[in-house]
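The values are calculated or read from the model by the stated rules, or taken from the named source; none is laboratory data. These figures come from a predicted structure and were not determined experimentally. Don't worry about glycine lacking a Cβ; one is built from the backbone with ideal geometry, like all the others, and counts go over all protein chains shown.
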Amino acid sequence: MSTTVRNRRVKQDGAIRYRDRLTKNDLLEIYRRLWFARVFDETLYDMKKKGRLRRGNVYGSRGQEAIQVGTTYPLRPDDFTSPIHRDMPIFVFRGMTVEQVMCQVWGKANAPTRGKDSWSHMGDMRLGIIHSTSMLGSTIPVACGVLWAQRLDGNRDRVCVAYLGEGATATGPFHEGLNYAAVHKLPLIVVVENNQYAYSTPVELEVPTPTVADRAKGYGIPGYSIDGNDVLEVYDTMCEALEYARAGKGPVLIECKTYRLQGHADHDETRARQYRPVEEIEMWEKRDPIVRYREYLLTTGLFTEAELPEPPADIVEQIQNAVEYAIQSPDPEPHTALEDIYDESAGVSR
Ligand SMILES: Cc1ncc(C[n+]2csc(CCOP(=O)(O)OP(=O)(O)O)c2C)c(N)n1
């Protein structure tokens, strides 16, 4: 792998592509996960509209599902992930239950943060999920710290996948963190979800180079710029990056080009229709990652139409049940607001 930016195309040299090793069950599971992410998103928007979800904002990932699925599917159970605000389904793909995640969204007492937050600021190191920081770009130095600690413990091939938007690549911590990872050859895979906007700022006002992956050149690391709406392209690239990182060669940056089909969050829907051209939205609607993947599966001849429901009914039911569970779960008691603020076992008192 060179240190130049690649517009990744499937290997031309006749070598077996990673996707070719996927079984029919794998292909179906990927399809189901794409739908899980879509239904998760649609359900929360719906709940917000109906007034059944009254806390916080819903940061949608409609249209970005291929990134969430394609980057997590090839991971080992002991790998680390560091999801951000648009990655809620990743918490489930990495082992949290749907009920836990929904309780988090509803700010309930039995949620991972016990009601102290209502979105992605949670983690579980037993599942390798690093607690996300709200300061964009800072996921990178935090991921470096986790990987450095692993190295001190003698673990060198547990990879960390840190996610961030293209806007966050314009922050100082992103660059400092990537520099550190590159110097120390940490097994870090940075997945940039380039959805073309950081709130209302278009990508050309965030990044001066033709691709976000060009940023990798400054650190002498491989950078890929790929179609983030093609789940198998994401999967193949991720597999290649994982091999590289596990071999001790250092970090990799993968820019997944996609589009934020919604507003920045549910509160931004009206305004977002003003700062994004209608033709642009329509063009990206046609590149829907689930529609494209379904069409591909049908061309393989491995699946019938009936085997690929849109959406799978059991997934809709699973998510609806988790929502009802969350709504019926208890709210946190006021006195718990001061609990779990510091790790008392570390000798820090409040
Ligand atoms: C350092 C920092 N600046 C600003 C914000 C406020 N903020 C939250 S999300 C967001 C947009 C981020 O855009 P991008 O990184 O492209 O990710 P996207 O939301 O498009 O997925 C902003 C400005 C923040 N959380 N942290």
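Within the stretch 62-71, does at least one residue satisfy the condition of being closer than 17 Å to Arg260 by Cβ, at pLDDT 95 or above, within 16 Å of the ligand (Cβ to nearest atom) and more than 11 Å from the chain's Cα centre (by Cα)? Taking every residue of the stretch 62-71 in turn, at least one turns out to be closer than 17 Å to Arg260 by Cβ, at pLDDT 95 or above, within 16 Å of the ligand (Cβ to nearest atom) and more than 11 Å from the chain's Cα centre (by Cα).
On inspection, Arg86 fails the criterion of being in a loop (DSSP other than H, G, I, E, B) and away from the ligand (no atom under 16 Å from the Cβ). The listed residues are Glu233, Glu269, Glu204, and the only one of them that is surrounded by fewer than 24 Cβ atoms within 10 Å (Cβ to Cβ), away from the ligand (no atom under 11 Å from the Cβ) and farther than 20 Å from Gly63 by Cα turns out to be Glu204. Could you list all residues from the stretch 123-166 that are in a loop (DSSP other than H, G, I, E, B) and either within 16 Å of the ligand (Cβ to nearest atom) or small (Gly, Ala, Ser) (or both)? Hits for the stretch 123-166 are Gly123, Gly128, His131, Ser132, Thr133, Ser134, Met135, Leu136, Gly137, Ser138, Gly154, Glu166. Scanning the stretch 39-90 for residues that are more than 19 Å from Asn229 (Cα to Cα) and among the acidic types (Asp, Glu) yields Asp46, Asp78, Asp79. Within the stretch 179-193, the residues that satisfy the criterion of being touching a residue at least 12 places away in the same chain (Cβ under 8 Å) and more than 15 Å from the ligand (Cβ to nearest atom) are Asn179, Tyr180, Ala181, Ala182, His184, Lys185, Leu186, Pro187, Leu188, Ile189.
In the stretch 203-248, the residue that is farthest from Gln64 (Cα to Cα) out of those that are in a loop (DSSP other than H, G, I, E, B) and in contact with a strand residue (DSSP E or B) (Cβ under 7 Å, 6 or more places away or on another chain) is Ile221. Every listed requirement among (1) within 16 Å of the ligand (Cβ to nearest atom); (2) out of contact with any helix residue (DSSP H, G or I) (no Cβ under 6 Å at 6 or more places or on another chain); (3) not β-branched (Val, Ile, Thr) is met by Arg76 save one, (1).
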